[in-house]
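This report refers to the structure that appears directly beneath it.
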Amino acid sequence: MAIELPPLPYAEDALASKGLSAETIQYHYGKHHATYVNVLNGLIEGTEHADSSLEEIILAADAGPLFNNSAQVWNHTFYWNCLSPNGGGAPSGELGDKINSAFGSYDDFASQFTEAAKTTFGSGWAWLVEGDGGLEIQKTSNADLPLKHGVKALLTVDVWEHAYYIDYRNARPDYLANFLTNLVNWDFVAENLAS
Ligand code: MN3
């Protein structure tokens with residue numbers, strides 16, 4: 001059974017007034033994410049992975065194209081859900097309390113998360129995860145993801161240039177500031193924490 005490209009959780013232009021243009025989404029979802037799905041399906045067709053779930057493929061794959069493409073399919077689906085046209089600002093409730101106790105305050109979390117994302121060299125991802133010691137910030141290179149290391153992802157931001165170049169050119173910090181101010185979907189993060 002082929003791996004499918006999940007539908008976006010909002011319209012392509014839903015984030016345009018929040019700092020991510022329809023053109024960015026058309027390329028990032030419609031070209032980059034779709035290509036990872038298509039390449040992955042070509043790689044698994046007729047192999048032992050043909051009927052595996054995406055997570056099974058990621059966990060079984062060695063470094064190389066099978067891992068890179070399966071992980072990037074997962075990462076992008078997760079990332080789209082980390083964005084919302086109604087997002088941005090500090091989380092409330094239990095999640096807000098956990099962030100305050102792990103990082104000192106929401107502002108401390110925001111500066112540490114931004115620093116991790118800014119200093120991811122080249123292409124990669126910054127994450128909020130639930131590790132053995134509670135909530136932590138991690139960064140990964142290229143396609144790598146917490147799932148591969150047995151860690152639960154709660155939130156991610158894509159810092160590959162294709163995520164921001166159309167709207168922000170080389171200004172990754174501006175993209176990250178906008179992500180936290182206008183886009184981050186804390187409801188999704190809270191669901192991940194509870195699952
Ligand atoms: Mn991307």
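Of note:
- Members of the stretch 87-123 that are buried (at least 18 other Cβ atoms within 10 Å of the Cβ) and at positive phi: Gly88
- Breaking point among (1) away from the ligand (no atom under 12 Å from the Cβ); (2) within 18 Å of the chain's Cα centre (by Cα), for His33: (1)
- Taken together, Asn86, Asn178 contain a single residue that is in a helix (DSSP H, G or I), under 17 Å from Ile25 (Cα atoms) and among the polar types (S, T, N, Q), which is Asn178.
- Residue check, Asn38 within 22 Å of Glu161 (Cβ to Cβ) and either outside the structural domain of Leu183 (by TED's automatic domain parsing) or among the hydroxyl-bearing types (Ser, Thr, Tyr) (or both): yes
- Qualifying residue in the stretch 40-47 (condition: more than 21 Å from Ala177 (Cβ to Cβ) and under 19 Å from the mean Cα position of the chain (by Cα)): yes
The values are calculated or read from the model by the stated rules, or taken from the named source; none is laboratory data. For clarity, every value in this text was computed on a predicted model and none was experimentally measured. As a convention, Cβ positions derive from the backbone with ideal geometry for all residues, glycine included, and neighbour counts pool all protein chains shown.
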